[in-house]
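Just below is one structure, and these are the notes that go with it.
Just so it is clear, none of the values below were taken in a lab; they were calculated from the coordinates. Please read all numbers here as calculations on a predicted model, not as lab measurements. Quick reminder, even Gly has a Cβ in these numbers, built from the backbone with ideal geometry, and neighbours come from all protein chains shown.
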Amino acid sequence: MASDSTASPNGDYLDRLMRRQSFQALWPLFANADKPAKEMTESFSALVHLRPLLTKHGPFRVVHVGDGAHGRTGALFALKTEAENISVDPIVNLPLVDAWRKRFGIRRVAWHKARIEQMFQEINALPPMPVFVTFVHAHVHVDEVLDQLRWDAAFTLACCVPGHQLSKTRVPYAAGEDLGVLSPDRRYEVLVNR
């Protein structure tokens, strides 16, 4: 969904999400966001851009770095993929996401109230399988995190902190402006660990 210079942002991702049965389960996590449409489309962009790589693998894991208090990107991936999801953020609201998981019978997602730097050893020690990483709202230096994790592919979105959230040292596998993202900065990168 890269853009040309004459195109403008659109609500395609939001329309697609709202037509799915999973929307009912997702809405409680996004409803209280300051800008729920922005948040939903940013998370959905990660799914759209990683999906071609996800379908090439059997069992796989997705680590969602800086996933916020409501762990929204991890929740979306838990509903839309067969991935084992790990959502990491120092401000995750564990009672809220645990209640959400029970209410909707969600499987395949674990939330960790921690900084990603505290989780490197634990994540890298998990049984080997393809690992994907999302940096949707991470506010971290993407390259520094990827230097420490075992990973196969990653998605990053400029979003709020483009100086941190776009790679400075890796050549993207795919990159562009995602017009489905209802955010001031829509630049994204898909990185592949060769």
Exercise. Just from its helices, what would the mean residue ellipticity at 222 nm be for the chain, if runs of 4 or more DSSP H residues each count -39500 (n - 2.57) and the sum is divided by every residue, rounded to the nearest 500 deg cm²/dmol?
Worked result: -11000 deg cm²/dmol
Exercise. With N residues in the stretch 109-148, what two-decimal value do you get for its Cα radius of gyration over 2.2 N^0.38 Å?
Worked result: 1.18
For this session: Calculate the length of the line joining the C-alpha centroid of the stretch 32-76 to that of the stretch 130-190, in whole Å.
Result: 12
Seminar exercise, completed: For the chain, the charge dipole (Cβ of Lys, Arg +1; Cβ of Asp, Glu -1; about the Cα centre) points to a positive end, and the Cα of Leu157, Leu29, Thr41 closest to that extreme belongs to Leu29
Seminar exercise, completed: Candidates for log10 I(q)/I(0) by the Debye sum over Cα atoms at q = 0.14, 0.16, 0.17 Å⁻¹ are (1) -0.98, -1.24, -1.35; (2) -0.85, -1.04, -1.13; (3) -0.73, -0.98, -1.12, and the calculated one carries label (3)
Seminar exercise, completed: Listing Trp27, Trp100 by rising number of other beta-carbon atoms within 10 angstrom, fewest first, gives Trp27, Trp100
Problem set entry | Taking Lys102, Lys38 and counting other C-beta atoms within 10 Å, the order from fewest to most | Lys102, Lys38
Problem set entry | Extension gain, Ala33 back to Arg20 (0.36 nm per residue minus Cα-Cα distance, nm) | 2.7 nm
Problem set entry | Hits among lysines - C-alpha to C-alpha of Lys38 under 28 Å, sequence gap 8 or more where chains match | Lys80, Lys102, Lys113, Lys168
